[in-house]
Amino acid sequence: MPELPEVEALADHLRRHAVGNGIGRIDVAALSVLKTFDPPPAALHAQVVTAAHRWGKYLGLQAGELFLIAHLSRAGWLRWSDQLAAAPLRPGKGPIALRVHLGVPGQAPGFDLTEAGTQKRLAVWLVDDPAKVPGIATLGPDALAVDAEELARLLAGQTGRIKNVLTDQKVLAGIGNAYSDEILHAARLSPFATAGKLSTDQLAALHEAMHAVLADAVARSVGQQAATLKGEKRSGLRVHARTGLPCPVCADTVREISFADKSFQYCPTCQTGGKVLADRRMSRLLK
């Protein structure tokens with residue numbers, strides 16, 4: 001799933017390549033992707049793109065008084081082209097859900113919003129106010145904008161595990177499964193630690209790790225082509241998606257906890273005092 005650094009890089013790409021262009025046409029290949037219907041996508045035709053924005057993990061393009069906002073979810077992506085084909089998209093064919101022509105179709109650049117897999121969660125809104133997107137209206141403060149004191153206030157009284165709280169967009173905006181693993185590893189915190197019971201030193205380490213991990217990922221991602229962002233993200237990961245590999249800090253084996261259709265990774269030596277956390281999915285299989 002694209003998280004804060006990747007979405008910021010995509011917004012930066014749109015600022016550099018889309019702003020100033022007029023929208024020639026919007027093609028919708030998957031009607032289910034649209035979560036609003038008034039105004040229709042055609043309301044953007046002939047409007048000039050004036051800005052690109054990021055709200056947490058939401059990506060938005062502003063044209064006139066309207067905002068075209070997307071949440072890429074787990075398998076969505078933005079695919080840029082310097083010259084899109086003029087032919088309209090065929091509904092239900094291929095991974096492309098929505099196409100934006102920035103100029104005369106067939107003679108101008110633009111981008112596709114795509115989604116792989118069978119779980120269709122990519123969502124697009126066309127609104128005159130970003131706060132009309134339900135997820136944006138309830139976002140917590142942006143993870144990169146939170147100082148140490150505010151982080152302590154946000155976590156105070158939280159009874160959930162720190163892994164879950166970090167990825168709760170109503171508490172902090174922008175952090176997902178991958179970067180929460182990386183942040184907790186850098187802070188040397190167990191993913192099962194209770195968020196509201198962290199010590200002063202642990203809160204300081206968490207804040208430092210959160211900003212260091214996200215700022216580094218943003219610095220590496222911004223300026224990349226959209227097509228190379230996924231590879232850049234993978235290259236910077238130390239524990240996430242590295243189950244069975246040695247931890248780059250201590251060389252212990254990176255372990256995994258699986259649940260539902262997701263998993264997360266951690267290093268026992270760095271984060272849990274050497275304790276291997278119980279994987280409940282594996283425990284059920286062994287019964």
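Applying the set (1) under 22 Å from Lys163 (Cα atoms); (2) part of a helix (DSSP H, G or I); (3) out of contact with any Pro (no Cβ under 6 Å at 6 or more places or on another chain); (4) of a type in the set (Val, Ile, Thr) to Val218 leaves exactly one unmet item: (3).
When you look at Ala187, is it open to solvent by 30 Å² or more (accessible area, probe 1.4 Å), hydrophobic (A, V, I, L, M, F, W, C) and more than 17 Å from the chain's Cα centre (by Cα), yes or no?
Working: open to solvent by 30 Å² or more (accessible area, probe 1.4 Å): no; hydrophobic (A, V, I, L, M, F, W, C): yes; more than 17 Å from the chain's Cα centre (by Cα): yes.
Judged against the criteria, Ala187 is not a match.
Quick one: is Ala108 among the small types (Gly, Ala, Ser) and either in contact with a Gly (Cβ under 9 Å, 6 or more places away or on another chain) or on the phi > 0 side of the Ramachandran plot (or both)? Against the criterion (among the small types (Gly, Ala, Ser) and either in contact with a Gly (Cβ under 9 Å, 6 or more places away or on another chain) or on the phi > 0 side of the Ramachandran plot (or both)), Ala108 qualifies.
Each residue in region 200-222 was checked for being open to solvent by 50 Å² or more (accessible area, probe 1.4 Å), more than 15 Å from the chain's Cα centre (by Cα) and not charged (D, E, K, R), and 5 pass.
Out of the residues in region 65-75 that are in a loop (DSSP other than H, G, I, E, B) and either farther than 26 Å from Ile175 by Cα or small (Gly, Ala, Ser) (or both), which is most open to solvent (accessible area, probe 1.4 Å)? Here the residue is Glu65. Looking at Leu189, Leu229, just one residue is hydrophobic (A, V, I, L, M, F, W, C), part of a helix (DSSP H, G or I) and at negative phi, and that residue is Leu229. Filtering region 246-280 to residues that are in a loop (DSSP other than H, G, I, E, B) and closer than 18 Å to Leu166 by Cβ leaves Ala260, Cys267, Thr272, Leu277. If I ask for residues that are hydrophobic (A, V, I, L, M, F, W, C), open to solvent by less than 10 Å² (accessible area, probe 1.4 Å) and not in a strand (DSSP E or B), which ones from region 30-64 would you list? Residues satisfying the conditions are Val33, Leu44. From the set of residues in region 115-141 that are assigned to a loop (DSSP other than H, G, I, E, B) and of a type in the set (D, E, K, R), which is farthest from Arg54 (Cα to Cα)? In this case the residue turns out to be Lys120.
Here's the yes/no breakdown for (1) out of contact with any Pro (no Cβ under 6 Å at 6 or more places or on another chain); (2) more than 25 Å from Ala145 (Cβ to Cβ):
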position: Ala51; (1), (2): yes, no
position: Arg54; (1), (2): yes, no
position: Tyr58; (1), (2): yes, no
position: Glu65; (1), (2): yes, yes
position: Leu68; (1), (2): yes, no
position: Ala86; (1), (2): no, yes
position: Gly94; (1), (2): yes, yes
position: Gly117; (1), (2): yes, yes
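The set of residues in region 115-129 that are touching a residue at least 12 places away in the same chain (Cβ under 8 Å) and open to solvent by 20 Å² or more (accessible area, probe 1.4 Å) comprises Ala116, Gly117, Gln119, Lys120, Arg121, Trp125, Asp128, Asp129. Close Cβ contacts (under 9 Å, 6 or more residues apart or on different chains) running from residues in region 79-93 that are in the same structural domain as Ala226 (by the TED database) to residues that are among the basic types (Lys, Arg) are absent. The residues of region 226-279 that are aliphatic (A, V, I, L, M), more than 21 Å from the chain's Cα centre (by Cα) and either over 16 Å from Ala178 (Cβ atoms) or open to solvent by 30 Å² or more (accessible area, probe 1.4 Å) (or both), listed by number, are Leu245, Val249, Ala251, Val276, Leu277, Ala278.
The values are calculated or read from the model by the stated rules, or taken from the named source; none is laboratory data. This is a predicted model, so every value here is computed, not measured. Positions of Cβ are backbone-derived with ideal geometry, glycine not excepted, and every protein chain shown enters the neighbour counts. To get the accessible areas, we keep the full protein, side chains included, count just its heavy atoms, and leave off ligands, DNA and RNA. Shrake-Rupley method; radii C 1.70, N 1.55, O 1.52, S 1.80 Å.
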